[in-house]
Amino acid sequence: MSEEILINVSPVETRVALVENGVVQEFYIERSHGESYVGNIYKGKVVRVLPGMQAAFVDIGLERTGFIHAADMMPEPPEGEVRRGEVPDIRTLVREGQTLLVQVAKDPISTKGARLTTHLTLSSRYLVYMPNSSHIGVSTRIEDEPERERLRQAVETAVSGQGISGGFIVRTVAEGADADAINADIPFLCQLWQDLSAKLPSLGVPAELHRDMPLYLRALRDMARAPIDRVRVDSRLTWQQMQEFAAKYAPQLVELIELYSGDRPLLELYGVEEEIRRALEPRVALKSNGYLIIEQTEAMTTVDVNTGA
């Protein structure tokens, strides 16, 4: 079985396809417009505290100041427990002029600024790292109790064995995954946090400390695992950035990343464009000789099932 990751980069969008034995298994698109700030970490400055709302406004360098509630500055309760007691007066948690390290939890909307939190997280394919916590939990979407315990034990064993500080949440996608594959994310996340911590003292206020990775680096982080045979990208600049990223965080991938410079478009060469066209067609043929008609309207998406008899 052969697996390849194909990355097509243009000024308008980036497209990533995972191809297994010539068949497209996964496909992702990231467009250059409509940027999201969710997940970005900023070194901000508190500009106003509102005791009546139990909230504060924080300048993080965006067009509008961000908004943080007192509850988003409180320590997270352990898994399965609810926060007990009242949230303390926000004036005991923060003051005007104070420097605050925050993460965007919700994008700005209309005249409202971004919703912020001090509960910092860094994500990989299988894990979410919480540098300011010691909690190890499992996504609530994984309902099978033996599987939850297996995943928790796997991460706890890896963390204690490596003497790592901080907490982890096992993501839903990790259900059924091999423990070694899950634990392989831990060194990457810890190294990333060390790099951010080293950069923090030299930053002014306000300043961006961390931005979520572009699609092509997330693909390298999350998808480029055994048994991937190679990663092909059609942009020299992107290829150089991927090489630098791999050299620092995943040296075993450096030799797998190839620059494609052929005349024929990369995704067309592998038949991905045709697969996309078929996937977007409103009529879907079934093996039973029946077919589906899928149509999207303003109010709903309708699926009409036809027997074809």
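For the stretch 5-29, give me the residue count where each residue is in contact (Cβ under 8 Å) with a residue 40 or more places away in the chain, open to solvent by less than 60 Å² (accessible area, probe 1.4 Å) and outside any loop (DSSP other than H, G, I, E, B).
Counting residues in the stretch 5-29 that are in contact (Cβ under 8 Å) with a residue 40 or more places away in the chain, open to solvent by less than 60 Å² (accessible area, probe 1.4 Å) and outside any loop (DSSP other than H, G, I, E, B) gives 13.
Residues in the stretch 154-181 that are open to solvent by 40 Å² or more (accessible area, probe 1.4 Å), more than 15 Å from SER134 (Cβ to Cβ) and not polar (S, T, N, Q): how many?
7
Identify, please: which residue in the stretch 182-210 is among the small types (Gly, Ala, Ser) and part of a helix (DSSP H, G or I) and is, among those, most open to solvent (accessible area, probe 1.4 Å)?
For the stretch 182-210, the residue satisfying everything is SER202.
The values are calculated or read from the model by the stated rules, or taken from the named source; none is laboratory data. Please read all numbers here as calculations on a predicted model, not as lab measurements. Please note: Cβ atoms are built from the backbone with ideal geometry, for glycine as well, and neighbour counts cover all protein chains shown. To get the accessible areas, we keep the full protein, side chains included, count just its heavy atoms, and leave off ligands, DNA and RNA. Shrake-Rupley method; radii C 1.70, N 1.55, O 1.52, S 1.80 Å.
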